Structures are given as C-alpha cells and as structure tokens.
Amino acid sequence: MEVTISIDDLHPEKGWGCEGDKSVEYLQKLNDEFGCKFTLFIPSFYHKKYPLSKHKEWVDFWLDKDWVELASHGYYHMCEDKNSYGECEFFEINSVQQAKNTIELCLEEWDTVGYRPVGWRNPGWLINPLIKDVVDKEFQYVALHTEHNRGLKWDSKMLFGHDGINQTDSINIWNDNTFMFQSHIAGDWNDNCWTEENYLNFRNVIEYLLSQYELSFKTLKEL
Ligand SMILES: [Zn+2]
C-alpha cells in the first residue's frame, strides 16, 4: 500500500512551517521513525504578506529535504473581497485574463527561488470552471476534493483523497492501493492541523497501518 500525506497553507511565518516550529519537529520525527514523506501546498504570496521571493532561505530549508515535495496552492490564497468567497482565491476570479495574470504572478514567485512546482491544489478547494484550463495547463497533477471538484475534468493527472490526520475511525483506500492523508499546517479554523494531539493520533494510525500492510511512503508527484 502507498501512503501520501499532504499539508496545506505553509508559508514563511512563525508557526506556519518554519524551522523550530513544533509542527515541523513532528514531521521530522515521522520521517525519522517511519520514513514518512510530505507534499507541502504553499501559496506563493500568502495573504499579500509572505512572497517567496523575499524568503528564499525558507524555501531552501524545505528543498534540502529529499522526503518533501513543494507544490503550488495559489498566490494570495485569500479573495480580494473577503466577504465574497473567503479563502477561495481562484473561485472569486471570474475572467480568463485575470486568471492568467494571477497564475503568472504566482509562478514568478516560484521562479525567483529557482523551483517550479508540478502539483496544484485550489485554495479553499474551489475553482471557477471558467478559468480551470488556465491553471490546468501549468501543472502535471491536481489534488482535488471529490465533492468540491464538482465533476470538472482536468487534463492534469487528477488525484483524489482527503482523509484527515485527526481521524480515528475509518480511513479510505483510494485507487485500490493508496492512503491519502490531508492536513493543514496550522489555523484555528481547521481541525486537522499538526498539533501534538493530532501528531500522536496520526503516529498511532501509522503504527496500526504498519501492523496490517506493507507501506510505501510517497509524495504526490511520485504516485
Ligand atoms: Zn489552503
């Protein structure tokens, strides 16, 4: 069985995936103990405050680890009008030209730090169908939510699966052979963040799965 673990919303802010953060220690421990790998979904200019181009050392900290993949998770992540669609940046965008501009700016941030992500997840899971093609052509795979994708067909490889690291009951098997865990690095509004409680729960889940299956940890691009 293959196991993937993705983590959303990392950016260069203390508590959101920086060296020294407790959450980051937990990821390191899971890699040391079990060989866990992680795919990190990163907005390249989170909330108009954390452009990757000004934080190359932060990107390099993660690129140094061969058990981590960095993937794209939008530009600002949030909407221009917070009262409209909250954090669903690519759901608010409603013209192809605007989408082209935003994705270009998004990828420019990555280019300045010398890394081009091959994976994408929509911020807030949603995308305006009108602009799907603009995003689709820039990536090799998209990580999607079974319901929130609303039946959109992507040319990029479509990856589904979002079992929380905090789940204690049943876990799904995707594509007959893969466990797909999804989480957030932090945020009071999410219940699947890398808190101590969730780390300990997830560690138990992995120990249980190891007692039942032979596991191979993969990043999403390795699937
Ligand atoms: Zn997000």
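The values are calculated or read from the model by the stated rules, or taken from the named source; none is laboratory data. Computed from a predicted structure; not experimentally measured. Cβ placement follows ideal geometry from the backbone for every residue including glycine, while neighbour counts extend to all protein chains displayed. When the accessible area is computed, the model is the full protein with side chains, heavy atoms only, and any ligands, DNA or RNA have been set aside. Shrake-Rupley method; radii C 1.70, N 1.55, O 1.52, S 1.80 Å.
Is there a residue being polar (S, T, N, Q), within 22 Å of Asp136 (Cβ to Cβ) and in contact with an Asp or Glu (Cβ under 8 Å, 6 or more places away or on another chain) anywhere in region 80-103? Yes, some residue in region 80-103 is polar (S, T, N, Q), within 22 Å of Asp136 (Cβ to Cβ) and in contact with an Asp or Glu (Cβ under 8 Å, 6 or more places away or on another chain).
When region 201-223 is filtered for residues that are charged (D, E, K, R) and either open to solvent by less than 10 Å² (accessible area, probe 1.4 Å) or closer than 23 Å to Arg121 by Cβ (or both), the ones remaining, listed by number, are Lys218, Lys221, Glu222. Filtered by the rule that a residue be within 16 Å of the ligand (Cβ to nearest atom) and either out of contact with any helix residue (DSSP H, G or I) (no Cβ under 9 Å at 6 or more places or on another chain) or farther than 20 Å from Phe160 by Cβ (or both), region 170-213 gives Gln182, His184, Ile185, Ala186, Gly187, Asp188, Trp189, Asn190, Asp191, Cys193, Trp194.
With the requirement that a residue be open to solvent by 40 Å² or more (accessible area, probe 1.4 Å) and closer than 19 Å to Gly20 by Cβ, what does region 38-51 give you?
Tyr50, the sole residue that qualifies.
Taking region 166-200 as the range and being open to solvent by 30 Å² or more (accessible area, probe 1.4 Å) and either part of a helix (DSSP H, G or I) or at positive phi (or both) as the test, the residues that pass are Asn175, Asp176, Glu196, Glu197, Leu200.
Within region 17-46, the set of residues being within 13 Å of the ligand (Cβ to nearest atom) and over 25 Å from Phe179 (Cβ atoms) comprises Pro43, Ser44, Tyr46. Screening the candidates Lys49, Lys82 for the property of being without any contact (Cβ under 8 Å) to a residue 24 or more places away in the chain and within 16 Å of the ligand (Cβ to nearest atom) yields one hit, Lys82. Residue-level analysis places Lys65 outside the set of residues that are more than 22 Å from Ile185 (Cα to Cα), outside any strand (DSSP E or B) and touching a helix residue (DSSP H, G or I) at 6+ places or on another chain (Cβ under 9 Å). Report yes if some residue within region 133-143 is among the polar types (S, T, N, Q) and closer than 19 Å to Ser44 by Cβ; otherwise report no. Yes. Taking the criterion of being in a strand (DSSP E or B), surrounded by fewer than 18 Cβ atoms within 10 Å (Cβ to Cβ), without any contact (Cβ under 8 Å) to a residue 60 or more places away in the chain and not basic (Lys, Arg), would at least one residue in region 149-162 satisfy it? Yes, region 149-162 contains a residue that is in a strand (DSSP E or B), surrounded by fewer than 18 Cβ atoms within 10 Å (Cβ to Cβ), without any contact (Cβ under 8 Å) to a residue 60 or more places away in the chain and not basic (Lys, Arg).
Of all residues in region 80-110, how many are outside any loop (DSSP other than H, G, I, E, B) and open to solvent by less than 30 Å² (accessible area, probe 1.4 Å)?
9
Taking region 97-148 as the range and being among the polar types (S, T, N, Q) and either at positive phi or more than 14 Å from the ligand (Cβ to nearest atom) (or both) as the test, the residues that pass are Gln97, Gln98, Asn101, Thr102, Thr112, Asn128, Gln140, Thr146. One residue stands out in region 52-79 among those that are within 16 Å of the ligand (Cβ to nearest atom) and among the hydroxyl-bearing types (Ser, Thr, Tyr): the one that is surrounded by the fewest Cβ atoms within 10 Å (Cβ to Cβ), namely Tyr76.
Taking Leu10 as the residue in question, decide whether it is assigned to a strand (DSSP E or B) and either within 15 Å of the ligand (Cβ to nearest atom) or on the phi > 0 side of the Ramachandran plot (or both). Taking the combined requirement at face value, the residue does not satisfy it.
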